[in-house]
Amino acid sequence: MRRDAAANRQALIDAAVELFNERGLAPTLDDIARAAGVSVATAYRHFSNKTELAFAVLNTSMESMVEAAERAATAPDGWSGLVEFFEATIRKQAGQQALRDLLATDPSSPPMVEVHRRIGASMATLLERAQRQGTVRDDVVVADLAVLGTLLGEAVRIFATPAPESWKRVMPLLLDGLRPGVTTPMGAPPLSMEQFIAGIASQTRPAAGTR
C-alpha cells in the first residue's frame, strides 16, 4: 500500500473512532470520510461499507487488548498479572464507547474468535501460575475469567455516563471472588469457551446501518 493510501486509511480509522465515541455506531461512511478530510470515493476504495470500517477499528483495538494479555502473561506473580490485564482492558473500554459498542456486534466472527483464542492462551498461562502460587482458587477456569470480564464490561457500559469510574469499585469485588480461602462451592460446572462465545453472540447488537 502506498504511503498516502496508508495515511488515508489510518485517517479514516482515527475519524471513525472519534465519531463512534461521540455518536455510537450511527455515523455513516460518508460522515466518517468528511471527518477524516478525504473524499467519499477514497473512503469506499478502502472500505466497502461502514461495517467493514467498524471491524477495522475493532481489530485495531482488540490487538492492543491481546498485547495487554500477552504482556500480563509475563508477570512473575500470577495474581498481579491478572489484575494488570483486567485493569488495562476495562480502562480501555471505559474510555471508548466505540469499543464497547463494537465488542457487542459479532463475537462469533473469525477475527473475534482468534482474539479470544490468543487472549485465552495468555490467561491460561497466568491462571495456572496464580493457582500454583496459591493466589487463585483451584476450581477457577479461563472461561470464568472471560465471564468476569464481560460483567465488568457491562458495568462500564451501563454506568458510563452517570458514574464512569464505578468499575474501579466493582472490579475488586469481582476479582476477590477468585481468591482461595473461605469460598462457597460453585453450584454449576464451568462454561467452555464455546459456550461463552455462544452466550455473548446471543446478546449481539447489530451495527446501526451499513453505509
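Bear in mind these aren't lab numbers, they're just calculated from the coordinates by the rules spelled out. Model, not experiment: these values are computed from the prediction. No Cβ is skipped: glycine too gets one built from the backbone with ideal geometry, and neighbour counts run over all protein chains shown.
With 0.36 nm allotted per residue and the present C-alpha distance subtracted, the L151-S192 stretch has 13.1 nm of extension available.
Rounded to the nearest whole angstrom, the semi-axes of the ellipsoid equivalent to region 1-96, taken from the Cα gyration tensor as √(5λ), stand at 32, 15, 9, largest first. Both radii were evaluated on the Cα set of the chain; the Rg over Rh quotient, with Rh as the Kirkwood radius, amounts to 1.02.
The local environment of R117, defined by Cβ-Cβ distances under 14 Å, has a net charge of -3 under the rule Lys, Arg +1 and Asp, Glu -1. Computed from backbone phi with θ = phi - 60° and the Karplus coefficients 6.51, -1.76 and 1.60, the 3J(HN,Hα) list for region 130-145 is 5, 5, 5, 7, x, 9, 10, 4, 6, 8, 7, 10, 4, 4, 4, 5 Hz; x is used for glycine and proline.
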